[in-house]
Amino acid sequence: MSGQPPETESELVELLRSVDVRAPERLHSSVQALVAERSADGRGRRWRGLPGAPSWLGSRATAVAVGAAAAVALATAALLIVLGAGGSRSPTPTLREASLLTQRAATMAAPAESAHDASELAASVDGVAFPYWEERFGWRASGARVDELAGRSVTTVFYTSASGRRIGYAIVAGGAPRVRGGTIAWREGTPYRLLREDGARVVAWTREGHLCVVSGRGVAAATLLKLASWNERALSA
């Protein structure tokens, strides 16, 4: 908000009417009470009681005080509304943020193979299990980590090949955020998004309503896509 505070009642009314958005009723009541208090504090009468003071000085001083108070209150209201509008939308992790987690170091031991399903590990996010790739593809689970992005838990399991290459598989808790970029490859009716982030190849897709990300450096996109899509087919079999 810029410009000089209103000097007359009509200017103050015009300022109040110029606000584009409506603040909460409780805040408007507080502003009105503040304006009324400022108007009746007697400052104008004290000015008018001084010998030689111009007749307009009292009303101008009161109006300036009222205008300044109103300007501060309205600025606060505008800030609260903007913050409220921004906070009304739940923040969601981005694909880039999730993919970067798959390139970090493991902080936990690798989960074991599931005792109930030979295609899964004994680790999951909201019921979405991580795949077991060692027997079929030679990629063994070698570590894990849990992070938080935009208030969401992100669990990453790392896999290592016999040649020492490493990839990370991240599953984001909660509903899958919208992601963009890269190219789309379809496998068994599921779209997989292929792209690069920070020099690493990335494959991202939605699995049971959750964002899944697989990435690795020095690993072909075709390999990542094969691993990711095999898991999808195994679950639907």
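The table below gives the values:
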{"read-out": "Pick from the range 159-173, criterion surrounded by 18 or more Cβ atoms within 10 Å (Cβ to Cβ) and over 20 Å from ALA118 (Cβ atoms), ranking: farthest from the chain's Cα centre (by Cα)", "value": "ARG166"}
{"read-out": "Residue in the range 165-172 that is over 18 Å from PRO131 (Cβ atoms), part of a loop (DSSP other than H, G, I, E, B), assigned by TED's automatic domain parsing to the domain that holds LEU101 and touching a residue at least 12 places away in the same chain (Cβ under 8 Å) present", "value": "no"}
{"read-out": "Entirely in the range 113-155, the strands (runs of 3 or more DSSP E) that have 3 or more residues that are at pLDDT 95 or above, of a type in the set (Gly, Ala, Ser) and at negative phi", "value": "120-125, 140-149"}
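Let's see how each residue does on (1) under 21 Å from ALA141 (Cα atoms); (2) in contact with a strand residue (DSSP E or B) (Cβ under 8 Å, 6 or more places away or on another chain):
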| position | (1), (2) |
| --- | --- |
| ARG187 | no, no |
| TYR192 | no, yes |
| ASP198 | no, no |
| ARG201 | yes, yes |
| TRP205 | yes, yes |
| GLU208 | no, yes |
| LEU211 | yes, yes |
| VAL214 | yes, yes |
| ALA220 | yes, yes |
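The values are calculated or read from the model by the stated rules, or taken from the named source; none is laboratory data. Here the structure is a predicted model, which means the values were calculated and not measured. Note that we place each Cβ from the backbone using ideal geometry, even for glycine, and neighbour counts take in every protein chain shown.
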